[in-house]
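The structure under discussion appears below in the form of structure tokens.
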Amino acid sequence: MWSHLERGSSPVDWCESNYSITPMIAEFVNTVSNVLFFLLPPVLIHLFQSYAKFFNPAINVLWLLLMVVGLSSAYFHATLSLVGQLLDELAILWVFMAAFATFFPKRYFPSFLGGNRRLLALYASVFSVLSTGFLVMHPKANAFALMTLAVPALVFLCKELKRVKCPRVYRLGLRCVAVSLLAMFCWIIDRMFCDAWLYINFPYLHGAWHILIFIASYTALVLYAYFNVSEERPEQKPQLKYWPKNDFELGIPYITIKHPYKKDNLAI
């Protein structure tokens, strides 16, 4: 067990040269490129205050889980330990499942759930526990297995965008899809063509993946938060806004509630 904590015990080693910048950090760029996972979630928790108060406080759990992903990823790339790899991959899995339980539209719920989101969360938790065991037993296949989760998430996002009547939300959705595809492209070509990137001395596409996938992930959560209110509480009139200037659409997007209800009247 202790050997799994040792540096370099992971079977996964990304393209960036190890310990080339500092003897303390195995993959320096891949480690520090997780910085957005620490900086943005506290801002998003603040911006989503009205959403959390008047619709669903579970949104803050997702922002906190993104911070866990960043911490786990930074630890993994700094040490290349097997424990670090597993923590990184398990954090990603739990973000996916938490988002699924929070945002999956009730119109697609199977009949045995009876429209009960808490029951869906229970099944999602059971699935996550079972999947956690699989990931621990088969660490070499984890990265590719987790990557496949992004495909149905993107397909479903595109399907939901077709229902959107707000041009501003639609534009954000298109940007989210584009950034997601670019992030996946960086991940794949870094993994498959490492020798070429080493030849031109630019083995940093996995670091670019970290930045792009964070932007895509939190943007997708913002969009799904909007979809969720629009479907379950349309009378609350969710609004997509940007910080620091609302008319600058390359800022940080967030959702506010135009017509909030009292919290104790909500079924979360």
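Within the stretch 44-127, considering only helices (runs of 4 or more DSSP H) that don't extend past its boundaries, which have at least 3 residues that are within 26 Å of Y204 (Cβ to Cβ)? Answer list for the stretch 44-127: 59-79, 82-103. For beta carbons closer than 7 Å, sequence separation of 6+ or different chains, a first residue in the stretch 83-108 that is without any contact (Cβ under 8 Å) to a residue 40 or more places away in the chain and a second that is surrounded by fewer than 20 Cβ atoms within 10 Å (Cβ to Cβ) and among the aromatic types (F, W, Y), the qualifying pairs are L87/Y75; M97/F127.
Put simply, of I188, I200 the only residue that is open to solvent by 20 Å² or more (accessible area, probe 1.4 Å) and within 19 Å of N34 (Cα to Cα) is I188.
Yes or no, residue by residue, for (1) open to solvent by less than 20 Å² (accessible area, probe 1.4 Å); (2) in contact with a helix residue (DSSP H, G or I) (Cβ under 7 Å, 6 or more places away or on another chain); (3) of a type in the set (G, A, S):
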| position | (1), (2), (3) |
| --- | --- |
| R7 | no, yes, no |
| N18 | no, no, no |
| I45 | no, yes, no |
| I59 | yes, yes, no |
| W63 | yes, yes, no |
| T79 | yes, no, no |
| L90 | no, yes, no |
| W94 | no, yes, no |
| F103 | yes, yes, no |
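Filtering the stretch 114-135 down to residues that are open to solvent by less than 80 Å² (accessible area, probe 1.4 Å) and at pLDDT below 90, which residue is farthest from K159 (Cα to Cα)? Within the stretch 114-135, the match that is farthest from K159 (Cα to Cα) is G133.
Of all residues being of a type in the set (G, A, S) and crowded, with 18+ Cβ neighbours inside 10 Å in the stretch 158-183, which is farthest from H210 (Cα to Cα)? Just the residue, please.
Looking only at the stretch 158-183, we keep the residues that are of a type in the set (G, A, S), and these are 173, 178, 180, 183.
Now narrow it down to the ones that are crowded, with 18+ Cβ neighbours inside 10 Å: 173, 180, 183.
On the way: G173: 19, S180: 11, A183: 8 Å.
The residue in question is G173.
The values are calculated or read from the model by the stated rules, or taken from the named source; none is laboratory data. What you are looking at is a predicted structure, and each value in this text was computed from that prediction instead of being measured. Quick reminder, even Gly has a Cβ in these numbers, built from the backbone with ideal geometry, and neighbours come from all protein chains shown. These area figures cover heavy atoms from the full protein model, side chains too; ligands, DNA and RNA do not enter into them. Shrake-Rupley method; radii C 1.70, N 1.55, O 1.52, S 1.80 Å.
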